[in-house]
Amino acid sequence: MKYTALTLLIGFIYFQAVAQHSMQGYISDEKTGERLIGCSVHILGTTEGVTSNNYGFYSIKINKLPAWVVFSYIGYQTDTVEFVPAGNNIDVMLSQKTSNLKEVEIRATSAATSTPRTGVLTIPVQQIKQLPALGGEVDVMKAFQLMPGVQGGSEGTSGLYVRGGTPDQNLILLDDIPLYYVNHIGGFISVFDVNAINDIKLIKGGFPARYGGRLSSVVDIRMKTGNSSEIKGEYGIGLLASRIFIEGPVLKKEKTKFMFSLRRCNLDIATRLITRMQSGLVFSAGYTFYDLYSKITHEIDSDNSISFSFYNGRDNIFFKQRDPVAAGSDTFFDYQANIIWGNTLASVKWNHQYNKNVFGTLTFAYTHFKYLNRVQYEEKYKSDKEVIEKASTSFVSGVNDVILKKDFDYFVSNTISL
């Protein structure tokens with residue numbers, strides 16, 4: 001009986017995949033070349049539709065020709081193209097739209113082009129940038145606190161409490177790789193720089209099998225791949241942090257592009273100055289953090305691309321002191337204490353389109369979280385600063401993950417995907 005059921009299932013999948021015309025390709029931003037994740041693709045005049053995957057790839061099928069395909073994405077102009085059942089990819093470029101707000105009219109229809117997954121929240125990055133910010137720092141995690149079923153815990157913090165769960169029960173992914181601690185300043189700011197993010201999604205329930213088991217939620221964040229047409233950048237100096245962002249093609253070649261983003265906290269600049277002035281240049285103390293994002297993507301051909309992603313973030317609470325051991329002494333001591341924690345992430349991905357229905361990703365990655373509590377002491381001569389005595393103690397804790405995995409997306413039909 002079980003073999004009969006398996007045979008029928010395989011036969012059904014084969015019939016769905018073969019007995020239809022297929023059209024596939026990639027959906028990108030016309031100006032920057034950034035792939036559009038979750039773009040809606042549907043057959044004009046029908047309720048059949050699909051969405052692009054995490055790499056902007058789509059595959060849609062139809063039984064009867066001719067037909068027209070509609071591509072729509074929030075913040076972009078809708079484009080309609082003729083259905084072309086070709087073996088090669090039909091890539092679509094969407095342009096951003098700017099329009100004045102008009103009267104809002106809500107209408108109900110009996111048919112829908114797609115059925116949205118329940119429990120999945122997606123907020124466009126451009127809308128997140130318009131939210132109120134603490135010290136000028138826009139926080140993507142706080143944007144989800146405004147959504148139903150999500151709470152923020154303590155006032156002003158960026159932790160997510162989803163349907164009664166705690167922040168440690170959330171799976172946080174950056175380009176499919178887990179991060180273990182995602183907060184700065186005791187939870188008031190997350191580690192995610194909105195300038196370096198292309199797409200962010202919160203899954204509150206019914207997690208797909210590829211995410212593994214989690215009690216509360218999954219936060220799936222995708223980094224930008226970079227601008228393929230021109231080198232662009234921006235910088236800013238805020239009350240809380242300074243930042244720089246740059247993206248563009250490598251050596252004016254559209255097939256290779258990069259993205260680089262750096263954000264650093266400014267609090268230690270003021271605390272160093274204040275503590276030095278109050279102590280007569282004897283000691284300094286403070287707190288700072290930084291987040292560094294970078295990504296390089298190379299398109300080998302129409303079916304293959306490879307990318308390298310890197311993230312490094314650190315928080316540092318420090319105290320430094322230099323003082324004579326005794327009055328009239330020819331020695332002095334250096335004392336330094338640090339509490340340091342943060343994440344390091346690196347990954348290499350190879351994307352390959354096997355045919356018009358199958359898309360695969362091979363990932364090799366390393367992710368590391370480290371917590372360090374360290375105290376150092378040195379006694380030196382004033383004349384030549386030769387070390388007389390030296391002592392240190394430290395406590396180190398961390399997590400190391402080495403990941404090797406292969407993912408496949410099989411678009412069986414417009415309503416079934418594996």
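Details
- Over 27 Å (Cα to Cα) - which of 61/224; 64/224; 224/405 fall in this group: 61/224; 64/224
- Summed side-chain charge close to residue 259 - residues other than residue 259 whose Cβ falls under 9 Å, Lys, Arg +1, Asp, Glu -1: +2
- The lysine pair count for region 250-320, using Cα distances under 24 Å and pairs eight or more places apart or on different chains, is 4.
- Label-to-label distance, residue 283 versus residue 154, with points set 7 angstrom from Cα along the beta-carbon direction: 2.4 nm.
- Distant-in-sequence amide H partners of residue 343 (H built 1.01 Å from N, under 5 Å): 313
- Angle between the chain longest axis and helix 267-279 axis [Cα atoms, degrees, rounded to 10]: 10 degrees
- Additional length obtainable on full extension of the chain from residue 254 to residue 394, 0.36 nm per residue less Cα span: 45.6 nm
- Under 11 Å, Cβ to Cβ, from residue 283 - net charge with Lys/Arg +1 and Asp/Glu -1: +2
- Sites matching GluC sites (Glu not before Pro) across region 337-402 that sit in DSSP coil, with at most 16 neighbouring C-beta atoms within 10 Å: 386
- The calculated 222 nm mean residue ellipticity attributable to helices in the chain amounts to -2500 deg cm²/dmol, summing -39500 (n - 2.57) over DSSP H runs of n ≥ 4 and dividing by all residues.
- The slack between residue 231 and residue 267, meaning 0.36 nm per residue of separation minus the straight C-alpha distance, is 9.9 nm.
- Lysines with Cα under 18 Å of residue 406, excluding same-chain neighbours fewer than 8 positions away: 349
- Peptides 224-235, 330-341 ordered by average Cβ neighbours within 10 Å, highest first: 224-235, 330-341
- (1) 31; (2) 16; (3) 25, with the label sought being that of the calculated percent of Cα pairs over 39 Å apart: (1)
- When the Cα positions of 361, 208, 237 are compared along the charge dipole of the chain, 208 comes out farthest toward the positive end, with charges on each C-beta of Lys, Arg, Asp and Glu.
- Contour excess over end-to-end distance, with Cα ends at residue 239 and residue 317 and 0.36 nm allotted per residue: 26.2 nm
- Relative contact order [Cα under 8 Å, 6+ residues apart], the chain, whole percent: 11 percent
Quick note: the coordinates plus some simple rules give every number you see, no bench work behind them. Nothing here was measured: the structure is a model prediction, and the numbers come from that model. Reconstructed Cβ throughout: ideal geometry from the backbone, glycine too, with neighbour counts over all protein chains shown.
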